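The values are calculated or read from the model by the stated rules, or taken from the named source; none is laboratory data. None of these values were measured; they are calculated from a predicted model. Note that each Cβ is placed from the backbone with ideal geometry, even for glycine, and that neighbours are counted across all protein chains shown. Accessible surface areas use protein heavy atoms only, side chains included; no ligands, DNA or RNA. Shrake-Rupley method; radii C 1.70, N 1.55, O 1.52, S 1.80 Å.
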Amino acid sequence: MSNKLVKLSLQGVISTVKNFSLILIAFCLTIVAAGCGGGKDTAPTKPLETKKLSIGMLRLTSSAPLFIGIEKGFFKEQAIDLDVQWFDAAQPIAVATASNKVDVGATGITAGLFNMAASGQKLSIVADKGREEKGYSSSAIVVNKSAWGAGVNSIEKLKGKKIGITQTGSTFHYMMGRVLEKKGLSLTDVEIVPLGKLGSIMASLESGQIDAAILNEPNITKAEKAGYGKQLTQIGDIIEYQTSGIFYSPALNKNDDLGLRFMRAYVKSCNYYYDAVLVKKDGKPVPGKNFDEVVGIISQYTKMSTEDTKLGLPYIDRDGKLLASDIPTQINWYTKNKMIEKPLEAKDVVNTSFTEKALKK
């Protein structure tokens with residue numbers, strides 16, 4: 001064999017060996033990347049330890065994400081055993097949360113809650129649970145039939161009239177005051193009548209004992225269908241307002257791991273709720289693919305008919321984000337109207353860090 005042929009044969013062998021070596025190295029690297037190399041980064045993730053969290057809430061449609069999270073197993077995905085404690089009013093939930101009797105509170109943001117925070121009780125508003133938003137039906141001013149017939153057909157014409165609310169310092173009280181101010185009036189220009197329960201407000205509106213009231217759905221539609229009420233304006237068309245929130249107790253507020261796990265599940269639940277009932281088309285909310293399922297879940301927990309449930313689906317941010325900019329506005333308004341007894345700043349009662357961290361994940 002000539003020297004030239006020998007040289008070519010040797011080059012072929014060397015090339016083959018090199019190619020085989022490269023293939024072998026690539027194969028080994030693939031095995032290591034697949035987790036067979038035993039490195040630190042490939043160790044299996046340790047399962048979360050199941051923890052029990054108690055939550056105080058009301059059977060309201062604004063608790064929809066919580067109902068969804070329970071039924072769809074989103075809290076269980078975060079190894080949270082959610083112990084639901086039902087309440088009949090908002091203020092007791094705030095008290096129980098501030099005193100660590102429940103870990104999480106879900107209810108309206110009221111003067112009573114701000115007073116507790118101003119007195120040094122360290123509960124924190126951490127996420128959205130319902131707000132007044134333009135284009136979404138929730139709360140409205142409803143005028144009785146007689147007053148409407150007498151010309152009370154604008155906010156300005158409420159001057160001197162009797163207005164029904166639930167109680168002093170409530171979300172209804174706040175909404176009425178803010179809406180009046182937007183039209184150049186104040187609470188002193190009307191007679192506020194605290195009536196306690198919604199049933200009492202509706203009965204007083206029907207009998208003519210009050211001229212107008214703040215109502216929410218499905219009660220707005222019920223009053224109109226019964227013929228004794230006429231909707232004057234939607235609250236969300238006048239003001240943007242964070243009506244209710246998710247609160248963490250002082251103890252949970254210090255527990256970064258558990259607080260974050262709850263919030264991950266809650267944000268996922270808010271996504272599910274929003275995509276089912278609040279997505280807009282041509283400027284109006286339209287049913288999503290899980291609409292009927294979500295309405296069924298809410299009806300199950302609120303014990304309302306599906307038709308009433310469909311009327312009262314409130315706006316809730318898709319990611320559970322609190323409208324934090326509205327909290328100082330509320331504090332200032334309640335303070336100005338002498339419903340908060342001590343100085344309070346929003347930073348003393350708001351903590352959005354859990355939501356922010358949950359969204360980063």
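Could you say whether any residue in region 232-240 is farther than 14 Å from LEU180 by Cα and surrounded by 20 or more Cβ atoms within 10 Å (Cβ to Cβ)?
no
Among the residues of region 335-352, count how many are in a helix (DSSP H, G or I), of a type outside the set (Asp, Glu) and open to solvent by 50 Å² or more (accessible area, probe 1.4 Å).
3
Filtering region 49-83 down to residues that are surrounded by fewer than 17 Cβ atoms within 10 Å (Cβ to Cβ) and without any contact (Cβ under 8 Å) to a residue 60 or more places away in the chain, which residue is farthest from GLU307 (Cα to Cα)?
GLU49
Give me the pairs, please: first residue somewhere in region 250-274 and open to solvent by less than 20 Å² (accessible area, probe 1.4 Å), second residue anywhere and small (Gly, Ala, Ser) and in a helix (DSSP H, G or I), beta-carbon distance under 8 Å, and either six or more positions apart or on two chains.
If the second residue must be small (Gly, Ala, Ser) and in a helix (DSSP H, G or I), the pairs left are LEU252/GLY259; MET263/ALA358; ALA265/GLY69; TYR266/GLY69; TYR266/ALA358; VAL267/ALA358; SER269/GLY69; TYR273/ALA64.
State yes or no: is VAL95 of a type in the set (Val, Ile, Thr), outside any loop (DSSP other than H, G, I, E, B), under 17 Å from PHE247 (Cα atoms) and open to solvent by 20 Å² or more (accessible area, probe 1.4 Å)?
In short, yes.
ILE298: open to solvent by less than 30 Å² (accessible area, probe 1.4 Å), in contact (Cβ under 8 Å) with a residue 60 or more places away in the chain, out of contact with any strand residue (DSSP E or B) (no Cβ under 9 Å at 6 or more places or on another chain) and on the phi < 0 side of the Ramachandran plot, yes or no?
yes
What are the residues in region 124-134 that are in contact with a Gly (Cβ under 7 Å, 6 or more places away or on another chain) and either part of a loop (DSSP other than H, G, I, E, B) or free of Cβ contacts under 8 Å to residues at least 24 places away in the same chain (or both), if any?
LYS129, GLU133, LYS134
Condition (residue is farther than 30 Å from LEU187 by Cβ, at pLDDT below 95 and of a type in the set (A, V, I, L, M)) applied to region 284-303: is it met by at least one residue?
yes
Would you tally the residues in region 118-139 being open to solvent by 10 Å² or more (accessible area, probe 1.4 Å) and under 11 Å from the mean Cα position of the chain (by Cα)?
Number of matching residues: 1.
Which residue is surrounded by the most Cβ atoms within 10 Å (Cβ to Cβ), if the candidates are limited to region 202-219 and must be more than 15 Å from VAL179 (Cβ to Cβ) and within 26 Å of the chain's Cα centre (by Cα)?
Only one residue tops the list, namely ASN219.
Within the bounds of region 143-164, is there any residue that is assigned to a helix (DSSP H, G or I), more than 20 Å from the chain's Cα centre (by Cα) and either within 30 Å of ASP319 (Cβ to Cβ) or hydroxyl-bearing (Ser, Thr, Tyr) (or both)?
Among the residues of region 143-164, at least one is assigned to a helix (DSSP H, G or I), more than 20 Å from the chain's Cα centre (by Cα) and either within 30 Å of ASP319 (Cβ to Cβ) or hydroxyl-bearing (Ser, Thr, Tyr) (or both), which makes the answer yes.
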